[in-house]
Amino acid sequence: MALENKVFAITRDLDRNAEFIRLVKDSGGIPLSLSTIKLEPKSLKSIFRLMNKINERNYEYYIFMSSNAVAVLLSLAEKINKKDELLIELRNKKIIALGPSVKNYLDLQGVRTYSMPNKFSSKDLSEHIKRLDLPRGTRILIPRSAAANSFMKDSLSRMGLLADDFFLYRPHTADLDDLWIQFSSLLVDGKIHALIFTSPSSVVSFCNIMRKILPEYAYHCTKIPSLVSIGPLTTNELKIEGFSPFEARVHTIAGSFKLAKKILTNQASKQASK
């Protein structure tokens, strides 16, 4: 098998990485889940205020741009005994999800996705909503990370839509642990065969962590045969850091793995034909 014992690393927590681990193992590879980000949720007082705001404003649409946003929102609501109330609200409104991973997580909560763009960047989402031709004055809530920029809210406002951001959490660089030491050792030895970056913030945190334990990490990363970005925003951040990644055409974990697998398989075929 061309991918037997090839190491596939990804900037994604082990707890949320079941799909990737299954895909890698089914192909004979070894998965490595690098925790790049830890989330600092908002205070419980802010969630009480959010629930009051939801009741007052009667939002017609909710936009979720990551599964983290869904998970943190429901977790905080549960802590104030409002999870059931919130789920009823979401199940009775129109939900727009940015990508299959978000949709799948919502499905697990019994929340149906009303609409989803075919591509999964903020720009694609904005264009998708524009094509929905929502009435001016439509009220939309976007629960999201505090690290997000104002692009989505600003673009919706230009369409005449009444969009509110609600910042659920702030991402921070994860702590250095033994897995990062293991990854660094494998990287230096040329035993990381694929590295997949899953978000712009994971790129920043990856670089912050690696600078502490392996200052020449960027040089070693250029030797990785398959360095893959999940989508255009992540690609841009990688280019800022000096990387030249391959970009997945389908901006999902499965799409990124498929590309990484294809690159390694093609490489193995070329070597075998020599």
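Just so it is clear, none of the values below were taken in a lab; they were calculated from the coordinates. Being a predicted model, the structure only gives us computed values, none of them experimental. For neighbour counting, all protein chains shown are included, and Cβ atoms are generated from backbone atoms with ideal geometry for every residue, glycine included.
For this structure, a couple of remarks:
- Principal axis extents of the Cα atoms in segment 39-171, from largest to smallest and rounded to whole angstrom, are 37, 29, 29.
- Take each peptide in 189-196, 83-90, 50-57, count the other Cβ atoms within 10 Å of every residue, and average; sorted highest first, the result is 189-196, 83-90, 50-57.
- Size descriptor for segment 22-112, Kirkwood hydrodynamic radius: 14.9 Å (Cα pairs only, one decimal).
- For segment 185-193, backbone phi angles converted through the Karplus equation (6.51, -1.76, 1.60; θ = phi - 60°) give residue-by-residue couplings of 5, 5, 4, 4, 7, x, 10, 9, 9 Hz, Gly and Pro being listed as x.
- Relative intensity, log₁₀ I(q)/I(0), of segment 233-274 from a Debye sum that treats every alpha carbon as a point, q = 0.15, 0.24 Å⁻¹: -0.47, -0.83
- Computed from point charges on the beta carbon alone (+1 for Lys and Arg, -1 for Asp and Glu), the dipole magnitude for the chain about its Cα centre is near 580 Debye.
- Backbone amide hydrogens, once placed in the peptide plane, bring L161 within less than 5 Å of G137, excluding anything fewer than 5 places away on its chain.
- Counting only the Cα atoms, segment 120-200 fills a convex hull of 109 Å³ per residue.
- Extension gain (nm, one decimal) between D175 and Q267, 0.36 nm per residue minus Cα-Cα: 29.7 nm
- Note on the chain: Kirkwood radius taken over Cα pairs, Stokes-Einstein applied at 4 °C and 1.567 mPa s, translational D equal to 65 µm² s⁻¹.
- Calculated [θ] (222 nm, deg cm²/dmol) that DSSP helices of n ≥ 4 give over the chain, each run adding -39,500 (n - 2.57): -14500 deg cm²/dmol
- Hz values of 3J(HN,Hα) by residue in segment 147-155 - Karplus curve (6.51, -1.76, 1.60), Gly and Pro given as x: 7, 5, 8, 8, 3, 5, 4, 5, 5
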